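Engineer: Below you will find the structure I want to go over with you.
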Amino acid sequence: MSVGYFVKETSINLWRNRLMSLAAVFTVAISLSLVGSALLIRQGVATATSEWQGNVQLLVFLQPNISKSEFKAIESELHSLSTVKSYSYVPRAQAYGDFRRLLANQPDLVNAVPESAVPTFFRVSLVNPAEAPAVGAIFKGQPGVDTVNDNFSAIHTILTISNVSQTVILGIALVLLISAAILILNVIRVAIFSRRREVAVMRLVGATNVFIQVPFMLEGMIQGLLGSLIAAGVVIGVKALISYSIQHFSIHLLDGFVLTSHDLIFTLAVVVAVGVLVGTAGSTVAVRRFLRA
Amino acid sequence: MIRFEDVSKSYSRGSSGVSDISFEIGRGEFVFLIGTSGSGKTTLVKLMNREIKPDTGSIWVAGKNLVTMPAWKVPYFRRNIGVIFQDFRLLPNKSVFQNVAFALEVIGKPRKYINEQVPQILKLVGLDGKSERYPDQLSGGEQQRVAIARAFVNRPLILLADEPTGNLDPETSWGVMNLLERINRTGTAVVMATHDAGIVDSMRRRVIEIDHGTLHRDQSRGIYGIGV
């Protein structure tokens with residue numbers, strides 16, 4: 001078999017059926033643009049969530065008249081808990097400084113509160129922020145502990161939203177992918193149907209099935225590749241747009257929404273691989289129908 | 001060369017089947033397969049080319065058992081068989097040269113061989129000088145000559161012709177028949193399904209008549225009407 005024959009046949013066929021080829025290419029491009037963007041956003045949400053989770057802290061406020069032994073007991077408890085990633089003690093001077101800094105725009109309030117009224121506390125980082133309620137319960141009511149900040153329901157809500165949105169985005173991407181595959185299969189099927197005379201003649205003169213299939217497979221592969229390259233361009237554009245919006249409109253909730261180049265390369269690889277695979281597989285399946293002996 | 005033993009083929013609807021057909025065709029023979037439309041001539045041609053398999057019976061063509069032949073061997077088998085049809089089946093977007101060359105390309109023949117063979121065969125069928133024309137620029141007779149060139153370019157052992165003159169006027173038909181006769185003289189067996197009585201009567205070759213799917217007559221040097 002000559003490579004020259006396949007190259008010639010494939011390029012002639014692509015050009016002769018250029019409208020159909022174009023339809024296939026754009027079908028792949030549009031579907032995979034959506035799939036790629038969905039994947040990218042999902043990765044962004046995942047990164048943002050884990051980033052944000054790392055910043056979740058438990059604050060254990062101490063009573064003003066805490067004894068040395070009570071303080072030691074709390075500290076050794078924090079030290080021994082495996083769920084605690086790290087902790088630090090914030091003495092009164094530092095706590096008061098933070099207080100003044102945070103409320104700098106409300107001088108009346110700041111001036112009304114003496115340094116002695118500001119509580120000292122432990123700042124505790126957890127291995128898994130979802131365990132905050134359990135850890136909080138250990139210290140709540142312990143001698144020397146005034147209170148534990150318990151914004152736990154908020155943590156729970158945010159984690160749930162993040163998980164649900166990641167699942168939904170992934171689901172949408174999968175549905176898009178399946179519809180893209182079906183569309184490509186149909187486009188190639190129509191292209192092959194319009195060439196059934198040629199296939200019939202090939203069979204008549206004794207061309208093997210593999211020989212008949214190769215140009216169609218190459219055609220599908222090239223269409224898939226071209227479509228996925230366009231989609232890759234769109235995904236790069238979407239990434240740039242997201243990064244630009246986050247920088248210029250300083251949406252604080254999205255501070256953690258960072259798309260690394262690693263995420264981008266992974267997404268592009270998926271897009272191109274899926275495009276080529278779907279194009280090749282689609283044409284193979286479609287041409288098989290005409291080759292049953 | 002071709003042997004049918006008690007071959008039956010029936011269709012659930014549409015095409016007409018055949019039942020209990022037995023005959024043998026030798027190397028280099030010229031045989032007319034006659035019968036009215038719907039008698040089963042085309043079914044026999046399809047059976048010989050392994051386009052379809054019989055329900056019962058056995059078929060041997062060019063030394064191969066077509067009933068037990070695995071699907072992947074069929075293309076290689078077909079390279080020994082040339083087929084032409086009433087409707088020519090040329091590729092409209094390929095030139096005369098390309099149509100004939102296509103038959104060699106798709107079985108993997110090298111370019112050099114193709115460039116040698118195609119002009120030779122086009123000369124044989126009387127189409128030299130028209131190799132760059134496209135099918136729609138040719139007359140019906142010329143198109144059938146291209147089809148014959150395509151079928152014969154592999155030098156097949158057998159040439160199957162399914163109503164090759166069905167779309168042609170009598171004069172053009174004779175041109176095609178002369179060509180088939182010349183091909184037959186090179187040692188290629190020709191099996192031609194037809195209902196053109198004039199041609200059958202004046203050629204005086206072996207006649208196999210099919211009537212309602214059964215073998216009605218097998219006569220050497222026969223005519224179209226009832227035997228001499």
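Engineer: Summarise the partner chain shielding of A:206-216 as one whole number: the mean count of Cβ atoms from other chains within 10 Å of each residue's Cβ. Intermediate values should be presented prior to the final figure.
Structural biologist: Values: counts 14, 9, 8, 4, 2, 5, 2, 0, 0, 0, 0.
Across A:206-216, the average partner-chain Cβ count within 10 Å equals 4.
Engineer: Spin-label point model (7 Å from Cα, Cβ direction): what's the A:LYS68 to A:ASN111 distance in nm?
Structural biologist: 4.0 nm
Engineer: If each DSSP helix of 4+ residues adds -39,500 (n - 2.57) and the sum is divided by the residues in chain B, what number results at 222 nm, nearest 500 deg cm²/dmol? It would help to have the intermediate numbers written out before the result.
Structural biologist: Numbers: 7 runs with 73 residues, N = 228.
Calculated at 222 nm, the ellipticity per residue is -9500 deg cm²/dmol.
Engineer: How high is the relative contact order of region A:58-149? Use alpha-carbon pairs under 8 Å, at least six apart in sequence, and give a whole percent.
Structural biologist: On the way: 116 pairs, mean separation 49.4, N = 92.
About 54 percent, as a whole number.
Engineer: For the interface of B with A, what's the total buried accessible surface in square angstrom, probe 1.4 angstrom, rounded to the nearest hundred?
Structural biologist: Details: alone 10730 and 16470 Å², together 25510 Å².
For chain B against chain A, roughly 1700 Å² becomes buried.
Engineer: Once you have a ≥ b ≥ c as the square roots of the Cα gyration tensor eigenvalues for chain A, tell me rounded if a/c is under 1.5, and otherwise prolate or oblate according to whether a/b is larger than b/c. Let's see the in-between values first.
Structural biologist: Numbers: a/c = 5.02, a/b = 3.39, b/c = 1.48.
Prolate is the answer for chain A, as a/c is 1.5 or above and a/b outweighs b/c.
Engineer: Take the residue pairs B:LYS46/B:LYS94; B:LYS9/B:LYS123; B:LYS46/B:LYS109; B:LYS46/B:LYS112; B:LYS73/B:LYS94 and return only those whose Cα atoms are more than 31 Å apart.
Structural biologist: Details: B:LYS46/B:LYS94 26 Å; B:LYS9/B:LYS123 40 Å; B:LYS46/B:LYS109 26 Å; B:LYS46/B:LYS112 33 Å; B:LYS73/B:LYS94 28 Å.
From B:LYS46/B:LYS94; B:LYS9/B:LYS123; B:LYS46/B:LYS109; B:LYS46/B:LYS112; B:LYS73/B:LYS94, over 31 Å: B:LYS9/B:LYS123; B:LYS46/B:LYS112.
Engineer: Grab the beta carbon distance between B:GLN98 and A:PHE266, set R0 = 41 Å, and tell me the FRET efficiency rounded to 0.05.
Structural biologist: Working: r = 46 Å, r/R0 = 1.13.
That gives a FRET efficiency of 0.30.
Engineer: Just want to confirm a number: the relative contact order over chain A, from Cα pairs under 8 angstrom separated by 6+ residues, in percent. The partial results should precede the final answer.
Structural biologist: On the way: 354 pairs, mean separation 100.6, N = 293.
Computed value for chain A: 34 percent relative contact order.
Engineer: Per-residue ellipticity at 222 nm for chain A, helices alone: DSSP H runs ≥ 4 residues times -39500 (n - 2.57), over residue total, nearest 500 deg cm²/dmol? If you can, show how the numbers build up before the last one.
Structural biologist: On the way: 10 runs with 209 residues, N = 293.
That calculation yields -24500 deg cm²/dmol at 222 nm.
Engineer: While we're here: Classify the protein assembly as shown as rounded, prolate or oblate, taking a ≥ b ≥ c as the square roots of the eigenvalues of its Cα gyration tensor: rounded when a/c is under 1.5, otherwise prolate if a/b is larger than b/c and oblate if not.
Structural biologist: Details: a/c = 5.33, a/b = 3.58, b/c = 1.49.
Prolate shape, in that a/c is at least 1.5 and a/b is the bigger ratio.
Engineer: Given a cut-off of under 8 Å on Cα pairs at least six residues apart, what relative contact order in percent is computed for region B:35-180? Could the numbers behind the result be given before it?
Structural biologist: Details: 163 pairs, mean separation 45.0, N = 146.
Result for region B:35-180 is 31 percent.
Engineer: Now for a separate question. Calculate, for A:GLU131 and B:LYS53, the FRET efficiency according to 1/(1 + (r/R0)^6) with r their C-beta to C-beta distance and R0 60 Å; round to the nearest 0.05.
Structural biologist: On the way: r = 70 Å, r/R0 = 1.17.
Using R0 = 60 Å, I get an efficiency of 0.30.
Engineer: Say R0 is 51 Å: what FRET efficiency, to the nearest 0.05, do A:ARG197 and B:ASP6 get from their beta-carbon distance? All intermediate terms of the calculation are to be shown ahead of the outcome.
Structural biologist: On the way: r = 35 Å, r/R0 = 0.69.
Plugging the Cβ-Cβ distance into 1/(1 + (r/R0)^6) gives 0.90.
Engineer: Applying the Karplus parametrisation 6.51 cos²θ - 1.76 cosθ + 1.60 with θ = phi - 60° to the phi angles of region A:64-76, what ³J(HN,Hα) value in whole Hz is obtained for each residue in order, glycine and proline being reported as x?
Structural biologist: So the J values, rounded to whole Hz, are x, 9, 5, 8, 4, 5, 4, 4, 4, 4, 5, 4, 5.
Engineer: Any idea how far apart A:LEU277 and B:TRP72 come out in nm if each label point goes 7 Å out from Cα toward Cβ?
Structural biologist: 2.6 nm
Engineer: Oh, and also: Residue by residue, what Karplus-based ³J(HN,Hα) values in Hz, rounded to whole numbers, does region A:50-55 have, using 6.51, -1.76 and 1.60 with θ = phi - 60° and x for Gly and Pro?
Structural biologist: Once rounded to whole Hz, the list reads 5, 4, 5, 4, x, 8.
Engineer: Continuing with this model, one more query. Carbon and sulfur together cover what percent of the accessible area of the protein assembly as shown at a 1.4 Å probe radius? Don't skip to the end; give the middle numbers.
Structural biologist: Numbers: 15100 of 25510 Å².
C and S fraction of accessible area: 59 percent.
Engineer: Another one. Shielding of B:73-79 by partners, i.e. mean partner chain Cβ atoms within 10 Å per residue? Don't skip to the answer; put the middle values down first.
Structural biologist: Values: counts 2, 5, 12, 2, 1, 5, 3.
Rounded to a whole number, the mean comes out at 4.
The values are calculated or read from the model by the stated rules, or taken from the named source; none is laboratory data. These numbers come from a predicted model, not from an experiment. Don't worry about glycine lacking a Cβ; one is built from the backbone with ideal geometry, like all the others, and counts go over all protein chains shown. Only protein heavy atoms, including side chains, enter the accessible area calculation; ligands, DNA and RNA are left aside. Shrake-Rupley method; radii C 1.70, N 1.55, O 1.52, S 1.80 Å.
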